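J.: Below is the structure I would like to discuss, written out as structure tokens.
The values are calculated or read from the model by the stated rules, or taken from the named source; none is laboratory data. It should be emphasised that the depicted structure is a prediction, and the values quoted were computed from it without experimental measurement. Please note: Cβ atoms are built from the backbone with ideal geometry, for glycine as well, and neighbour counts cover all protein chains shown. For accessibility, only protein heavy atoms count, side chains too; no ligands or nucleic acids. Shrake-Rupley method; radii C 1.70, N 1.55, O 1.52, S 1.80 Å.
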Amino acid sequence: MDAHENENSSGQQEHQQEHVHAGGSHQEELDERRIRTDSESSIDSMTRFVLPSLDGSPPKVVTLDEVSSMFKDLRNMELAHEIALNPDFKLQQYEPPLDSLEGRIKTMVHKAFWDLLRQQLERQPPSFDQAIRLLAEIKECFPQLLSPNNERALAHINEVLDDAVIQQQAERGVLDFRSYASFVINILARSCSPARDEAVARLRDIEDVVDTFRSILELMSLMKLDMANFMLALARKEIAANSVQYEKEKFSKYLRELHGNAGFPATEDWLRRHRSSSNVDETIYNAYMQLIDYPVDKDFPELMRMDRERFVGLSWRAQRLILCASLISIAQSTPVISQRRENRIQLAQQLDIIVQDVKSEKQVTTAIESCYEQIRAFVNKALAQEQMPPMSEADQETLKSQVLKLGIKTSPVPTLMAKRLDGYVRVALRSNGSIPPPPAGFVEFEGELVAFIASFRRLVSYNHAVFGEHFHQILGKTMLSAEQIAESEMSEAGPAGSGIATGQAQVAKP
């Protein structure tokens, strides 16, 4: 595209309106050529997907072919890390924000493409330039939607959507655009997943042929997403099995080639703050525990930043558990709750629903107020069912005062529950598979407690398997005496320990 055409691109829509009439001029041909060029990607033949990224870095956007190559070669560390730690991870289709420059350009280009297609088809006689281009792009998409083993189907598609045949039909004025739409819909119906059957059925109900093809391309983009996630499912087991070794190799290469002597100051500070007089393993273990409630005035460890959002999420899960345990403990001051297990379970479920989306201090305050109202209403209803008088005004004020104090982390009840959760997590992490019974206050929330422990243990164990040896090296430089360092260097002895200390197992055992 030359500079003159670029300068006039802002008048694209005006040019379209001016040149609808038949028998156009040389300027009309230039305008249409520009629209066709600018609209190459408007039919989404290059559907893109978003990959997970390091904390603070922009998301990586890739095509389906690039995703397939990554699954085969395991060459994206963020993707391998996400797959290994998140069993529910799926690729998402990339869509730029509508109010962004990219989003506005995409909207404008798409509109230009479909407007030109409609204008050409409505001419007398019709022009099929844009239609031919569209059918060629659709044909190129099918190999990405069908498995390579489906050679007969691909051969049939190439035969029907043959470029030369379509060109001849257009030149003779007998190209039936609607019949090609029906053919494509039939192929999609046979090759899509059951979840897309309704979308295919809706395509048959669209009367306008341009709208039909627009919807066809939208569905093909979704089918590319289905194919990408199908490939992910096939590769998941192998990726998860090799991701630790892969990340260790990438990290070692980084240390050799890029890291130099700069160090990881935030990681080193994080570990040294938890130095234990007992051994290195205990220091690392205590450091991991702090990640559940990391100080806001400290830089997050560089080596753990890929999972920073996960640790933040776990922190809020822990805070919600502490809040729920505190609430149910306060509610048990009334016999109708403490002496009726079924009432405790039902109330606990209701409280859990109220706080399940709490992820900020402001939300904590609002949730606590709602929880008080729920406890008060539940207790009075339970008392009425047992034909007992409702709570007195004084009892309600006492209950309200106790519940509202939970907004202060240092108040007695949440402090106690936090200590119980901390002790429970420590015991659970040291166990090898079996998890002990939940502590008092957490019994009614055992399901979420076990899920929280499993998520935290998986995250800690995986990161220790990758970085554990380096953590030992960092602490070894500061915790050994000068004589020990010299002796260590002479003997070339590695760090002592087992389980989490050696980084050989993906189960945390300090």
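J.: Taking interchain pairs and intrachain pairs at least six residues apart, which have beta carbon atoms under 6 angstrom, with the first residue in the range 458-469 and closer than 14 Å to VAL280 by Cβ and the second assigned to a helix (DSSP H, G or I)?
T.: Between residues of the range 458-469 that are closer than 14 Å to VAL280 by Cβ and residues that are assigned to a helix (DSSP H, G or I), the close pairs are HIS464/ILE500; PHE467/LEU303.
J.: Follow-up. Please find, within the range 290-306, the residue that is nearest to the chain's Cα centre (by Cα) out of those that are assigned to a helix (DSSP H, G or I) and not aliphatic (A, V, I, L, M). Give the derivation first.
T.: Here is the first cut: in the range 290-306, the residues assigned to a helix (DSSP H, G or I) are 290-293, 302-306.
Remaining after also requiring not aliphatic (A, V, I, L, M): 290, 293, 302, 305.
Values: GLN290: 24, ASP293: 22, GLU302: 21, ARG305: 16 Å.
Ranking the candidates gives ARG305 first.
J.: Among the residues that make up the range 119-132, is at least one of them open to solvent by 40 Å² or more (accessible area, probe 1.4 Å), over 30 Å from MET231 (Cα atoms) and β-branched (Val, Ile, Thr)?
T.: No - not one qualifying residue is present in the range 119-132.
J.: Name the single residue that is farthest from VAL460 (Cα to Cα) among those in the range 312-345 being touching a residue at least 12 places away in the same chain (Cβ under 8 Å) and outside any helix (DSSP H, G or I).
T.: Within the range 312-345, the match that is farthest from VAL460 (Cα to Cα) is THR334.
J.: If I filter the range 236-244 for residues that are among the hydroxyl-bearing types (Ser, Thr, Tyr), open to solvent by 20 Å² or more (accessible area, probe 1.4 Å) and under 27 Å from the mean Cα position of the chain (by Cα), do I get at least one hit?
T.: There is no residue in the range 236-244 that is among the hydroxyl-bearing types (Ser, Thr, Tyr), open to solvent by 20 Å² or more (accessible area, probe 1.4 Å) and under 27 Å from the mean Cα position of the chain (by Cα).
J.: Here's a follow-up. For a quick check of your reading of the model, give me the residue pairs whose first member lies in the range 159-173 and is open to solvent by 60 Å² or more (accessible area, probe 1.4 Å), whose second is part of a helix (DSSP H, G or I) and small (Gly, Ala, Ser), with beta-carbon atoms closer than 9 Å and at least 6 apart or on different chains.
T.: Taking only residues 6 or more apart or on different chains, the pairs are ASP163/ALA136.
J.: If LEU291 meets every condition in (1) open to solvent by 10 Å² or more (accessible area, probe 1.4 Å); (2) more than 30 Å from ASN343 (Cα to Cα); (3) of a type in the set (A, V, I, L, M) apart from one, which number is that one?
T.: (1)
Quick grid of which residues meet (1) part of a helix (DSSP H, G or I); (2) not hydroxyl-bearing (Ser, Thr, Tyr):
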residue: SER127; (1), (2): no, no
residue: ILE132; (1), (2): yes, yes
residue: LEU135; (1), (2): yes, yes
residue: HIS156; (1), (2): yes, yes
residue: GLU159; (1), (2): yes, yes
residue: GLU171; (1), (2): yes, yes
residue: VAL184; (1), (2): yes, yes
residue: ILE187; (1), (2): yes, yes
residue: ILE206; (1), (2): no, yes
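J.: What is the residue count in the range 351-362 for residues that are open to solvent by 80 Å² or more (accessible area, probe 1.4 Å) and more than 22 Å from the chain's Cα centre (by Cα)?
T.: Residues that pass the stated criteria total 3.
Condition check ((1) assigned to a helix (DSSP H, G or I); (2) in contact (Cβ under 8 Å) with a residue 12 or more places away in the chain; (3) closer than 28 Å to VAL355 by Cα) across all residues:
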position: MET391; (1), (2), (3): no, yes, yes
position: THR410; (1), (2), (3): no, no, yes
position: PHE456; (1), (2), (3): yes, yes, yes
position: HIS472; (1), (2), (3): yes, yes, no
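J.: Next question, about the same structure. Could you check the range 78-90 and list, in sequence order, the residues that are open to solvent by 80 Å² or more (accessible area, probe 1.4 Å) and either part of a helix (DSSP H, G or I) or more than 21 Å from MET223 (Cα to Cα) (or both)?
T.: Within the range 78-90, just PRO87 meets the criteria.
J.: I've got another one for you. What single numbered condition from (1) modelled with pLDDT of 90 or more; (2) surrounded by 16 or more Cβ atoms within 10 Å (Cβ to Cβ) fails to hold for LEU146?
T.: Here LEU146 clears every test but (1).
J.: What's the number of the only condition in (1) surrounded by fewer than 16 Cβ atoms within 10 Å (Cβ to Cβ); (2) touching a Lys or Arg at 6+ places or on another chain (Cβ under 9 Å); (3) farther than 25 Å from ALA131 by Cα that SER193 fails to meet?
T.: (2)
J.: For residues in the range 91-118 being outside any helix (DSSP H, G or I) and of a type in the set (D, E, K, R), which is farthest from ASP226 (Cα to Cα)?
T.: The residue in question is ASP99.
J.: Restricting to the range 387-423, name every residue that is surrounded by 15 or more Cβ atoms within 10 Å (Cβ to Cβ) and among the small types (Gly, Ala, Ser).
T.: GLY407, ALA418
J.: Looking at this structure, is PHE251 modelled with pLDDT of 90 or more and at negative phi?
T.: no
J.: Sort through GLU137, GLU95 and tell me the only one that's charged (D, E, K, R), over 30 Å from VAL460 (Cα atoms) and open to solvent by less than 40 Å² (accessible area, probe 1.4 Å).
T.: One residue alone meets the criteria, GLU137.
J.: Next up: Look at LEU116 and say whether it is open to solvent by 20 Å² or more (accessible area, probe 1.4 Å) and closer than 18 Å to THR212 by Cα.
T.: No; evaluated as a whole, the condition is false for this residue.
J.: If you don't mind, another one. Out of ALA325, ALA318, ALA287, ALA241, which single residue is modelled with pLDDT of 95 or more, under 30 Å from ILE83 (Cβ atoms) and among the aliphatic types (A, V, I, L, M)?
T.: That would be ALA318, the only listed residue that is modelled with pLDDT of 95 or more, under 30 Å from ILE83 (Cβ atoms) and among the aliphatic types (A, V, I, L, M).
J.: Now, a different point. I'd like to know if the range 424-434 contains one or more residues that are modelled with pLDDT of 95 or more and either of a type in the set (Lys, Arg) or open to solvent by less than 30 Å² (accessible area, probe 1.4 Å) (or both).
T.: Within the range 424-434, the subset modelled with pLDDT of 95 or more is none.
There is no residue in the range 424-434 that is modelled with pLDDT of 95 or more and either of a type in the set (Lys, Arg) or open to solvent by less than 30 Å² (accessible area, probe 1.4 Å) (or both).
J.: In the range 375-386, which residues are crowded, with 18+ Cβ neighbours inside 10 Å and not aliphatic (A, V, I, L, M)? I'd like the intermediate steps shown before the answer.
T.: Applying the first criterion (crowded, with 18+ Cβ neighbours inside 10 Å) to the range 375-386 yields 375-376, 378-379, 382.
Within the range 375-386, ARG376, PHE378 meet the criteria.
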